[in-house]
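A short worksheet on the structure shown next.
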Amino acid sequence: MKKAMLSLSLLSLGLFAADISVEDVFVKQTPPNAKNSAIFLTLKNNSDKDIALVSAKSNLSDKVELHTHTNQDGKMSMIKVDKIDIKAHSNTALRPGSYHIMLLDIKNPVDANTRADLTLVFDNKESIELKNISSKELKKPNHPKPKGDNTTNDKK
Ligand SMILES: [Cu+2]
């Protein structure tokens with residue numbers, strides 16, 4: 001058991017750059033004819049300075065953008081952002097419904113066998129290369145309740 005823990009921590013050390021580390025990275029699986037996907041991850045800033053993610057590249061798409069979601073008048077929409085900030089000694093999570101690395105015009109649909117490579121470039125000139133990122137199936141967000149369904153949590 002101890003041996004397994006050790007090799008696991010060595011493995012994660014491999015993902016460390018000096019100032020930024022990456023956790024919980026995955027690419028979203030898509031339907032067979034999908035045009036777009038996204039990569040999600042958590043960025044950890046281990047330094048004393050604020051750092052920003054400024055661009056990304058991937059083998060899955062030639063058009064990779066940094067995006068976030070906004071909620072305007074109750075409508076969720078995606079917008080492109082120039083950078084994603086990671087404050088000193090804190091984490092920024094790229095998660096469904098929030099920040100994400102958008103893969104536009106993907107070359108192939110993303111299925112369970114897809115492995116993604118990803119390069120992250122930061123404003124301190126550091127970059128991080130991640131290889132063989134596995135994919136994950138995301139559950140659809142909760143469907144709106146059908147009209148007239150006033151279901152509550154009351155159990156009778
Ligand atoms: Cu997007």
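One line per residue, one yes/no per condition, for (1) surrounded by fewer than 14 Cβ atoms within 10 Å (Cβ to Cβ); (2) part of a loop (DSSP other than H, G, I, E, B); (3) of a type in the set (S, T, Y):
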site	(1), (2), (3)
M76	yes, no, no
I79	yes, no, no
A88	yes, yes, no
I101	no, no, no
N108	yes, yes, no
N113	yes, yes, no
A116	no, no, no
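State which residue is modelled with the lowest pLDDT when the search covers only region 41-91 and only residues that are β-branched (V, I, T) and within 16 Å of the ligand (Cβ to nearest atom).
T70
Scanning region 26-48 for residues being assigned to a loop (DSSP other than H, G, I, E, B) and charged (D, E, K, R) gives a total of 2. With respect to being within 17 Å of the chain's Cα centre (by Cα), farther than 16 Å from A116 by Cβ and not small (G, A, S), T70 fits the description. Count of region 19-49 residues, restricted to those that are surrounded by fewer than 21 Cβ atoms within 10 Å (Cβ to Cβ) and farther than 20 Å from E129 by Cα, is 9.
The values are calculated or read from the model by the stated rules, or taken from the named source; none is laboratory data. Quick caveat, the model's predicted, so the values are computed rather than measured. All Cβ positions, even for glycine, are placed from backbone atoms using ideal geometry, and neighbour counts span all protein chains on display.
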